[in-house]
Amino acid sequence: MPRAGRVALVSGGSRGLGAELVSGFLERQYWVATLSRTKTPFITNMLRAGKRRNFHWSAVDGRDHEALRAFVKKVGERLGRIDVLVNNAGIATEGILPIMRTRDIVEAIDVNLTAALVLAQACSRFMLRQGSGCIVNVSSVHAIRGHAGVGVYSATKAALDGLTRSLARELGPRQIRVNSVAPGYFDSDMVSDMPEEQKQRIARRTPLGRFASIDEIANAVHFLTSDQASFITGHILVVDGGITC
């Protein structure tokens with residue numbers, strides 16, 4: 001159901017899953033703020049669509065912690081509250097660990113984990129004042145099952161799930177819920193360059209026999225931010241078509 005007057009902050013809302021989440025929150029009558037490094041065609045269209053009244057975008061590099069804090073402060077002070085944070089921004093770092101460059105490892109940790117910590121810290125301060133709120137961290141099935149070549153990415157996503165469980169205990173007494181969504185393979189930029197043979201192999205290993213659509217992953221996030229999930233916290237919701245079962 002629409003929740004008029006609520007504020008949702010989505011990181012990495014310029015394309016893919018993030019753009020789907022932004023659109024979904026707007027449809028649910030949220031005021032939506034999002035950040036990304038660059039202005040994509042999706043963002044340009046949103047700003048031109050007459051929705052500027054309840055939509056805000058800023059160019060922010062997730063590695064710039066002070067810029068992240070300033071973005072949250074601007075949104076929170078302007079609107080008086082932050083009801084939902086979705087830590088969606090991330091990069092898919094691939095490589096065998098012994099030969100990876102340190103700077104690539106550090107960048108993955110900064111974007112996938114540290115930025116989420118900074119945003120959760122800044123947003124939770126507004127939520128604590130309100131006595132309510134909801135945080136959803138977008139994790140991955142790679143946090144659950146190991147795969148060669150994605151060790152750094154897997155480590156950052158597993159850390160997000162650890163953050164989810166700990167924050168659920170820290171913030172629960174103030175009625176702030178914290179959960180993760182761990183997607184399996186779905187139609188996204190991260191798999192667009194994957195060889196067709198590999199896609200078919202993954203689909204055969206998936207009990208449902210296919211990749212997820214973006215909206216199927218977004219629906220899981222929207223469920224966790226809805227009143228239907230009002231007694232769910234500290235949970236890792238795996239949306240993978242059964243590939244990890």
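The values are calculated or read from the model by the stated rules, or taken from the named source; none is laboratory data. On a predicted model such as this, the values are computed, not experimentally measured, just so you know. Ideal geometry is used to build each Cβ from the backbone, glycine not excepted, and the neighbour counts take in all protein chains shown.
Counting only helices (runs of 4 or more DSSP H) that fall entirely inside the range 187-229 and contain at least 1 residues that are under 30 Å from G172 (Cα atoms), the qualifying elements are 214-224.
Inspect all residues belonging to the range 184-191 and state whether any of them is touching an Asp or Glu at 6+ places or on another chain (Cβ under 6 Å) and either within 20 Å of H147 (Cβ to Cβ) or surrounded by 13 or more Cβ atoms within 10 Å (Cβ to Cβ) (or both). Yes, some residue in the range 184-191 is touching an Asp or Glu at 6+ places or on another chain (Cβ under 6 Å) and either within 20 Å of H147 (Cβ to Cβ) or surrounded by 13 or more Cβ atoms within 10 Å (Cβ to Cβ) (or both). Here T114 clears all of (1) crowded, with 17+ Cβ neighbours inside 10 Å; (2) modelled with pLDDT under 95; (3) farther than 25 Å from S226 by Cβ except the condition numbered (2). Checked against the criteria, T156 does not count as modelled with pLDDT of 95 or more, of a type in the set (S, T, Y) and surrounded by fewer than 22 Cβ atoms within 10 Å (Cβ to Cβ).
All conditions but one from (1) under 22 Å from F25 (Cα atoms); (2) more than 17 Å from the chain's Cα centre (by Cα); (3) not in a helix (DSSP H, G or I) apply to V136; the one that does not is (2). Scanning the range 189-218 for residues that are touching a residue at least 60 places away in the same chain (Cβ under 8 Å) and out of contact with any Lys or Arg (no Cβ under 9 Å at 6 or more places or on another chain), we see that the one that is farthest from V22 (Cα to Cα) is M190. The single condition among (1) surrounded by fewer than 19 Cβ atoms within 10 Å (Cβ to Cβ); (2) within 30 Å of R129 (Cα to Cα); (3) without any contact (Cβ under 8 Å) to a residue 60 or more places away in the chain that I236 does not satisfy is (3). Yes or no: the range 82-102 includes at least one residue that is within 16 Å of the chain's Cα centre (by Cα), among the aliphatic types (A, V, I, L, M), within 26 Å of I214 (Cα to Cα) and surrounded by fewer than 20 Cβ atoms within 10 Å (Cβ to Cβ). Yes: the range 82-102 contains one or more residues that are within 16 Å of the chain's Cα centre (by Cα), among the aliphatic types (A, V, I, L, M), within 26 Å of I214 (Cα to Cα) and surrounded by fewer than 20 Cβ atoms within 10 Å (Cβ to Cβ). Which count do you get for residues in the range 117-133 that are buried (at least 20 other Cβ atoms within 10 Å of the Cβ), of a type outside the set (A, V, I, L, M, F, W, C) and part of a helix (DSSP H, G or I)? Qualifying residue count for the region: 1.
For every residue, the table says whether it meets (1) assigned to a helix (DSSP H, G or I); (2) in contact with a Phe, Trp or Tyr (Cβ under 7 Å, 6 or more places away or on another chain).
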residue: A8; (1), (2): no, yes
residue: T38; (1), (2): no, no
residue: I43; (1), (2): yes, yes
residue: M46; (1), (2): yes, yes
residue: E107; (1), (2): yes, no
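When restricted to residues that are free of Cβ contacts under 8 Å to residues at least 40 places away in the same chain and surrounded by fewer than 16 Cβ atoms within 10 Å (Cβ to Cβ), the range 68-81 contains 5. Evaluated against (1) assigned to a helix (DSSP H, G or I); (2) surrounded by fewer than 16 Cβ atoms within 10 Å (Cβ to Cβ); (3) not hydroxyl-bearing (S, T, Y), D61 falls short on exactly one condition, (1). Among residues that are surrounded by fewer than 21 Cβ atoms within 10 Å (Cβ to Cβ), at pLDDT 95 or above and among the polar types (S, T, N, Q), N219 is included. Within the range 114-125, residues that are touching a residue at least 24 places away in the same chain (Cβ under 8 Å) have Cβ atoms under 6 Å from residues that are of a type in the set (K, R) and part of a helix (DSSP H, G or I) in these pairs: A122/R69, counting only partners at least 6 apart in sequence or on another chain. Considering only residues in the range 162-186 that are out of contact with any helix residue (DSSP H, G or I) (no Cβ under 6 Å at 6 or more places or on another chain) and not in a helix (DSSP H, G or I), the one that is farthest from S132 (Cα to Cα) turns out to be R177.
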